[in-house]
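Take a look at the structure set out below.
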Amino acid sequence: MTPLPLRLVIWDCDGVLVDSEGPSARVTAAECSALGWVMTPAEAMRLFMGVRLSDMPPLVEAQIGRPVPPGWVDHLRDRMIAALGHDLDPMPGAADALRATAALGLPYRVASNSSHEEMVVKFACTGLAPLVQGRIHSARDVARGKPAPDVFLAAAAAEGVPPGACMVVEDSLPGVAAAVAAGMPVLGLDAHGDGAALRAAGARPIRALAECPALFHAALRAAA
């Protein structure tokens, strides 16, 4: 439950609303392998899930022993945008969860480490664009990406809601850490695991987005 009456839901994008982790991991694995840090998509997902692209070069450089090429982050972003422009699905129940949140009278926003350019493509491809238009916040808009709390705090400020009256839905450890640092309770989506790592980081684990509306409703009833 939120420390204050629930007034805003903040959704992560990748792995919460949009099933983009797989395509992103395949592109990341290919680009890192081309530089000499050979990895599989599964390893790329484990290493970089929730990490902002601009924060990746020091991690790659530590492994390959030299700077990444000039413009590598922009190249990686362009490849991801191209890959995410087709064959991309929303997460199961994403549209229904957004509509159910609105039906409860709760405003909602999206706060992601992805760039606006990436999210425009992702939400257009998945058909979620009309549901999130005008509600999107990128870590590129603030000083620090997740696991810092900046993008969540920016979303709350844009709605005029104190952090303690927000609830976050996340799937990554950096995202959960950012929500906790922002003073926001967080639901941790783990569709394929037991949620233990997310729970240890401070989230309440859930297995599906379909669980969210009832939890939001319970928070509203508790406040009333």
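The values are calculated or read from the model by the stated rules, or taken from the named source; none is laboratory data. Everything numeric here is computed off the predicted structure, so don't read it as measured data. Areas reflect the complete protein model, heavy atoms only, side chains present, ligands, DNA and RNA absent. Shrake-Rupley method; radii C 1.70, N 1.55, O 1.52, S 1.80 Å.
Remarks
- Helix 150-159 and the longest principal axis of the Cα set of the chain meet at an angle near 40°.
- Classification of region 17-65 by its C-alpha gyration tensor yields an oblate form. The axis ratio a/c (a ≥ b ≥ c) is 1.5 or more, and b/c is at least a/b.
- Whole-number percent relative contact order across region 166-224, with pairs defined as alpha carbons under 8 Å at least 6 apart: 28 percent
- Heavy-atom accessible surface of region 28-123: percent carbon and sulfur, 1.4 Å: 58 percent
- Tilt relative to the chain, helix 21-35 - C-alpha long axis, 0 to 90 degrees, to 10: 20 degrees
- The heavy atoms of R204 present about 130 square angstrom of accessible area, all protein chains included, probe 1.4 Å.
- Overall shape: oblate for region 68-186, with the ratio a/c of the largest to smallest alpha carbon gyration tensor axis at 1.5 or above and b/c at least equal to a/b.
- Accessible area per residue, Å², region 76-121 with all protein chains present, probe 1.4 Å: 43 Å²
- Here the Gaussian network model covers the chain, with springs between Cα atoms less than 10 Å apart; of A25, A103, A111, A103 fluctuates the most.
- Region 188-224-region 65-112 distance, computed between alpha-carbon centres (Å): 20 Å
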